[in-house]
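Participant: Sharing a structure with you now.
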């Protein structure tokens, strides 16, 4: 079975620009998570979708971040406008209860 | 509040030697604990999980971990390191019963020397 895929693998943008990250979960997984690892820090939870609904967005840093999950399939995470502190690796993960999540390879975002 | 602490951000081990990665947790309720591994340019892969069944948990690639409530620890071990074990290892605790919302430790980078 195909794993969790993320696009792009790397993105370099200027401060103030907009970036959209995409995640395709494993087919049939209702749960989709976004995590972020800022350089030198722990991997931190951002939010959790169950199908197309946001179950928990307690980890979203601020309102510059917008996550969507169209039709309960793929998800996008938009950062607008991007700031320097948004640089890091963004991981997507998916699961079908009651299993631990499978993680994608991540998108490395660099904001200059 | 639940949290995990991994001791040592970098560990160097000789090929064939014991791998020991330390993880201590803080939890107000019986925890669900996990070890993940990230190989270069790949996603995090689940090594093993503790879900209150057996305290000694066996995982993939010869790794195992022992849950010790008295020490609030969940250390990861492998008897004999292989070059392919070079990776970053993460201990994590579940923040909910569904296991998907995880609190991660800072990670330990393992280097295996010939």
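Participant: Please order A:60, B:83 by the number of other Cβ within 10 Å, starting at the fewest.
Facilitator: Listing A:60, B:83 from fewest to most nearby Cβ atoms yields B:83, A:60.
Participant: Continuing with the same structure: In a GNM of chain B with a 10 Å cut-off on Cα contacts, which of B:70, B:84, B:26 has the highest mean-square fluctuation?
Facilitator: Fluctuation is largest for B:70.
Participant: Here's something else I'd like to know. Over chain A, with a Gaussian network built from C-alpha contacts below 10 Å, which listed residue (A:32, A:47, A:66) shows the highest mean-square fluctuation?
Facilitator: Answer for the Gaussian network model of chain A: A:66.
Participant: Arrange the following residues from fewest to most other Cβ atoms within 10 Å of their Cβ: A:29, A:48, A:10. The partial results should precede the final answer.
Facilitator: Details: A:29 20, A:48 24, A:10 10.
With the sparsest Cβ surroundings first, the list reads A:10, A:29, A:48.
Participant: What nm distance separates the two modelled labels at residue B:5 and residue A:52, each placed 7 Å from Cα along Cα→Cβ?
Facilitator: Calculated label separation equals 4.6 nm.
Participant: Now, a different point. Could you quote the convex hull projected area for the stretch B:41-86, Cα atoms only and averaged over all directions, in nm²?
Facilitator: With every direction weighted equally, the projected area is 4.0 nm².
Participant: Name the residues of the stretch B:21-50 whose amide N is less than 16 Å from a point 7 angstrom out from the Cα of residue B:109 along the C-beta direction?
Facilitator: Label zone hits: B:38-42.
Participant: Run the Debye formula on the Cα coordinates of the stretch B:16-92, all scatterers equal and no solvent, and tell me log10 I(q)/I(0) at q = 0.17, 0.27 1/Å.
Facilitator: Summing over Cα pairs of the stretch B:16-92 leads to -0.62, -1.38.
Participant: Pairs of Cα atoms under 8 Å, at least six residues apart: use those to get the relative contact order of chain B, whole percent.
Facilitator: 37 percent
Participant: In addition: Can you give me the Rg/Rh ratio for the protein assembly as shown, using Cα atoms for both radii and the Kirkwood formula for Rh?
Facilitator: 0.97
Participant: Hey, another quick one. With the contact rule set at Cα under 8 Å and sequence spacing of 6 or more, what percent relative contact order holds for chain A?
Facilitator: Across chain A, relative contact order equals 37 percent.
Participant: Can you give me the distance in nm between label points at residue A:84 and residue B:82, each placed 7 Å from the Cα along the Cα-to-Cβ direction?
Facilitator: According to this spin-label approximation, the distance is 4.4 nm.
Participant: To continue, here is another question. GNM on chain B, C-alpha springs below 10 Å: top fluctuator among B:92, B:81, B:54?
Facilitator: Of B:92, B:81, B:54, the most mobile in the Gaussian network model is B:54.
Participant: Another question, then. So if each residue of separation counts as 0.36 nm, and I subtract the Cα-Cα distance between residue B:97 and residue B:72, what length gain in nm does that give? Walk me through the intermediate numbers first.
Facilitator: Details: separation 25, 0.36 × 25 = 9.00 nm, distance 1.91 nm.
Contour length minus Cα-Cα distance gives 7.1 nm.
Participant: Still on this structure, please answer the following. Once the convex hull of the alpha carbons of chain A is built, what does its volume come to per residue, in cubic angstrom?
Facilitator: Cα-based convex hull of chain A, divided per residue, equals 92 Å³.
Participant: Additional query: For an R0 of 35 angstrom, estimate the FRET efficiency from the Cβ-Cβ distance between residue B:54 and residue A:27 and round to the nearest 0.05.
Facilitator: 0.65
Every number here is computed from the coordinates shown, using simple stated rules; none is lab data. Everything numeric here is computed off the predicted structure, so don't read it as measured data. When we count neighbours, we look across all protein chains shown, and the Cβ atoms used for this are built from the backbone with ideal geometry, even at glycine.
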